[in-house]
Amino acid sequence: MGRECPHQSSVGALHSGRTARARTGGIRAGLPGAYPGNPSVSQLLPERALRRLIGPRPQAWLGLLLCVALWGCDASSLPPPAGELRINLGTEPPTLDWARATDNISFLVIEQIMQGLTRLGPDLSPEPALAERWEVSPDGRTYTFHLRADVRWSDGVPLHADQFVYAWRRLLAPATAAEYAYFLFPVAGARAYNGGQLSDPNQLGVRALDARTLQVRLEAPLVYFPSLTTFMVTFPARADLIARHGEGWTEAGNLVSLGPYLLEEWRHEYRLVLRANRDFYAGPPTLDRIVGYMVGEASTALVLFEQGILDLVRLPPLEIRRYRDRPSYRHKAALRGYYYGFNTRLAPFDDARVRRAFAMAIDRDAFPKLLQGGELPAAYWIPPGMPYHNPEIGVRFDPAGARRLLAEAGVNPARLAPVRVVYNTDQTHRLVAETVQAQWQQHLGVRVELENREWKVFLKELTVSPPPVFRLGWGADFPDPDNFMNLFTSYSANNHTGWGNARYDALVEQAAREPDVGRRQALYDEAQRILCEQEVPIAPLFVSAINLAVAERVKGFEPNAMDIFFLERVRAE
């Protein structure tokens, strides 16, 4: 997969940020959260006032000024609560159902409250988690995982291998309509079961040998399988709880989990609170609570950071230069691609020549200069830092060649209807869209119309009726190129382009099984050339970077290339 990214650089600018550089002036506001000797945020600031700071169109400055005028709150008079980390989620998590989640926001929360058979270590290699060890058969097709004996769910129920079997069957069941079902297609029978050709789930290649032993049989050897089992779609689930609560099983009060943190509160479109799991098998985490606010404007979130209200935010593009030399600044190159997708079922993008023309008319060198966050221009798809990256792949900026391709395809730019480009509301996405709009209008002579959507609305549109051109980002779920390349297979539910190519599918599947480094490189190179040079259902634009502001009181946090928030051992002093 790669977790669809609602933002270019992540927590804080997650979902929005249309305003220019924010200035704090003398604004003061109360600190969220309750702690000994001080009132809670609900006492300091009524929820209706705080909600002015939250959502896709917050009245940011009005909300802050009203807080000051009505409540006289002074952040400097209230010491920050030790043990509580306050972050900006940026938007409401679309779901906390790990079989249905597809985005970074949901994953950030799920990663704190759940675990899988394996987990990614500091070097992003798989290490034991709920499975204390595993064996692989000589032919590489059968994995036997031995579960830890000391793991219990937060309601006291022991972890059981059957809970993995249920979760994987549920993910693959056609009725679940999980976009990530294809992640488990390497499991024997999985593709046929998901497609309806196999009706008996007992024939799937996953079974519980006993309470603590899970056996997985693959269709063919898969070189990265222990990395795949770190990802949320492979996490165990409880059939009894889903049957009891139905669609509400992920709500606070209903959600039972087994990670380092537990869901304590979820006030939708406002805030989400996690508390430490004191019974976590690896020992209690170092934080007492994590409070995630949903402040839609990145610049507003930065104001709250500068007032000491938030501890960790993503920096809006226009603020990165100002923060670059500050101790609070954190930067990391990301394993995340940013691309424009073409709906290949709609004219004129049903013609590969037109798609190539539009991709060739983009000067990708403009984006690092525009965003100033360490982005890398990219016409390839497998990013630097990922094995089998090849910087030579991809179309080059060639306006004259692009115009020739349009003419060859019989497209008259003057008579072409305006090209509609849709992106989710965010300052970065707006800046990128305006740049692409100007370049296409200048180099191709076409008219371009821009539209923005709130994140959940945008995701729904991509699923139901993708626009002619849309923006998306794709971040690594595990450090293997298959995580990027299988996104655009014909059977990937996360492929919103409508494009499919049998040769591409075969190359990607063969590469996932190939142990020889040289042969695997050749397979991915050929597949990338189909994707980025010949068929061009997408136009990669750049490789993203992570740019954060982290409060001085936060210790032990550093970003990683996969943009996973390892918060189990982070401290807030």
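At-a-glance table
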| read-out | value |
| --- | --- |
| Flag if LEU147 is at pLDDT 95 or above, surrounded by 18 or more Cβ atoms within 10 Å (Cβ to Cβ), in contact with a His (Cβ under 9 Å, 6 or more places away or on another chain) and of a type in the set (A, V, I, L, M) | yes |
| Long-range neighbours under 9 Å by Cβ, at least six apart or interchain, first residue more than 17 Å from ALA188 (Cβ to Cβ) and without any contact (Cβ under 8 Å) to a residue 40 or more places away in the chain within the range 215-243, second of a type in the set (A, V, I, L, M, F, W, C) and not in a helix (DSSP H, G or I) | ASP240/VAL157; LEU241/TRP153; LEU241/LEU255; LEU241/VAL256 |
| Inter-residue pairs, beta-carbon under 8 Å, first free of Cβ contacts under 8 Å to residues at least 60 places away in the same chain and in the range 118-145, second among the small types (Gly, Ala, Ser), 6+ apart | GLU127/GLY121 |
| Scan of the range 470-509 for residues that are among the basic types (Lys, Arg) and within 16 Å of the chain's Cα centre (by Cα), ordered by number | ARG471 |
| Restricting the range 225-254 to residues that are β-branched (Val, Ile, Thr) and out of contact with any Pro (no Cβ under 8 Å at 6 or more places or on another chain), the residue that is surrounded by the fewest Cβ atoms within 10 Å (Cβ to Cβ) | ILE242 |
| Test: GLN112 is surrounded by 22 or more Cβ atoms within 10 Å (Cβ to Cβ) and modelled with pLDDT of 95 or more | yes |
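Here is a yes/no grid of residues against (1) polar (S, T, N, Q); (2) surrounded by fewer than 21 Cβ atoms within 10 Å (Cβ to Cβ); (3) free of Cβ contacts under 8 Å to residues at least 60 places away in the same chain:
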site: ASP288; (1), (2), (3): no, yes, no
site: GLU306; (1), (2), (3): no, yes, no
site: LEU312; (1), (2), (3): no, no, no
site: ILE320; (1), (2), (3): no, yes, no
site: ASN343; (1), (2), (3): yes, no, no
site: PHE349; (1), (2), (3): no, no, no
site: ALA357; (1), (2), (3): no, no, no
site: PHE367; (1), (2), (3): no, no, no
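Per-residue answers, yes or no, for (1) out of contact with any helix residue (DSSP H, G or I) (no Cβ under 7 Å at 6 or more places or on another chain); (2) buried (at least 22 other Cβ atoms within 10 Å of the Cβ); (3) not acidic (Asp, Glu):
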residue: ASN494; (1), (2), (3): no, no, yes
residue: ARG513; (1), (2), (3): yes, no, yes
residue: ASP516; (1), (2), (3): yes, no, no
residue: ALA549; (1), (2), (3): no, yes, yes
residue: ALA572; (1), (2), (3): yes, yes, yes
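The values are calculated or read from the model by the stated rules, or taken from the named source; none is laboratory data. The shown structure was predicted, so the numbers you read here are calculated from the model rather than taken from an experiment. Positions of Cβ are generated from backbone atoms using ideal geometry, with glycine treated the same way; all protein chains shown enter the neighbour counts.
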